[in-house]
Amino acid sequence: KRENIQDERIAGYIEILNRKALRLKQLTEDLVEASKISSGNIVLNLEPLNLTELLNQAVGEFSDRLEEKKLQIIFDGSDVAGMIYADSRRMWRIIENLFQNICKYALEGTRVYLEMKVEGGRVTASLKNISDRPMNLKGEELSERFIRGDASRTTEGSGLGLYIAKNLTQAQHGEFQIQLDGDLFKIILDFPEYERPSQEETAV
């Protein structure tokens, strides 16, 4: 690639090889991370964290990619204080994976629904979108290693995104659920609500 070859045919082959090499690099990194998480070989820096703020940040960061596919975000509960006790970097990886999944597989020109709720000591975030292809798998199968909604594997992705998101959620004492209803794809994240210690507890 550094030789600046002028032959268009050869340059085309080089570009394909470069693209495949980058995908292989990403797959390798994802596989290493997935193995560490599933074996419990990760260090978590747990702290009070506003999950709603992370979701709002993701909406902003992915706005260009969402606009490219004409996806409209409807966020119900964007001002809810969804406080949890988690690792901010790991939580961002979860949300990033979920939004990447939406950008890859949501049907163009449809709406994406986000919802934040705090009830009964639980913080629940849900993401719903319409799939751009028939879902021929069960929800739980989609969060296993190397499983993707597109059986043809013609799109980018390692098939590890949801697997990593699920295991990172569970490592932080959360619950991760996928629900499929026809072409409707829904992911639910559920965490214990973080409650600040009272002054008495802090003093003790």
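Here's the yes/no breakdown for (1) modelled with pLDDT under 90; (2) small (G, A, S):
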| position | (1), (2) |
| --- | --- |
| D7 | yes, no |
| K20 | yes, no |
| S39 | yes, yes |
| V43 | yes, no |
| T52 | no, no |
**Complete:** Restricting region 45-61 to residues that are part of a helix (DSSP H, G or I) and among the hydrophobic types (A, V, I, L, M, F, W, C), the one most open to solvent (accessible area, probe 1.4 Å) turns out to be V59
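Just give me the residues in region 70-90 being more than 25 Å from I42 (Cα to Cα) and in a strand (DSSP E or B), in sequence order.
Q72, I73, I74, F75, D76
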**Asked** How about region 149-178: which of its residues are at pLDDT below 90 and open to solvent by 50 Å² or more (accessible area, probe 1.4 Å)?
**Response** A151, S152, R153, T154, E156
**Fill in**
Filtering region 78-108 for residues that are of a type outside the set (D, E, K, R), closer than 16 Å to F191 by Cα and touching a residue at least 40 places away in the same chain (Cβ under 8 Å) leaves a count of 9
**Message:** Whether any residue in region 32-55 is under 15 Å from the mean Cα position of the chain (by Cα) and of a type in the set (S, T, Y) is what I want to check.
**Reply:** yes
**Asked** Can you spot a residue in region 63-78 that is modelled with pLDDT of 90 or more, among the β-branched types (V, I, T), under 18 Å from Q172 (Cβ atoms) and more than 14 Å from the chain's Cα centre (by Cα)?
**Response** no
**Prompt:** Of all the residues that make up region 163-193, how many are part of a loop (DSSP other than H, G, I, E, B) and more than 17 Å from R89 (Cβ to Cβ)?
**Reply:** 3
**Asked** In region 91-132, what residues are farther than 16 Å from I73 by Cα, out of contact with any strand residue (DSSP E or B) (no Cβ under 7 Å at 6 or more places or on another chain), open to solvent by 30 Å² or more (accessible area, probe 1.4 Å) and outside any loop (DSSP other than H, G, I, E, B)?
**Response** W92, R93, V118, E119
**Prompt:** Give me the pairs: first residue in region 10-26 and without any contact (Cβ under 8 Å) to a residue 24 or more places away in the chain, second residue of a type in the set (V, I, T), beta-carbon distance under 8 Å, and six or more apart or on different chains, which are they?
**Reply:** A11/I5; I14/I5
**Request:** Report yes if R9 is farther than 19 Å from F191 by Cβ, open to solvent by 50 Å² or more (accessible area, probe 1.4 Å) and either of a type outside the set (A, V, I, L, M) or in a helix (DSSP H, G or I) (or both), otherwise no.
**Result:** yes
**Fill in**
Residue count, region 62-75, condition without any contact (Cβ under 8 Å) to a residue 24 or more places away in the chain and surrounded by 12 or more Cβ atoms within 10 Å (Cβ to Cβ), comes to 1
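The values are calculated or read from the model by the stated rules, or taken from the named source; none is laboratory data. On a predicted model such as this, the values are computed, not experimentally measured, just so you know. Positions of Cβ are backbone-derived with ideal geometry, glycine not excepted, and every protein chain shown enters the neighbour counts. The area values use the complete protein model at the heavy-atom level, side chains included, leaving out ligands, DNA and RNA. Shrake-Rupley method; radii C 1.70, N 1.55, O 1.52, S 1.80 Å.
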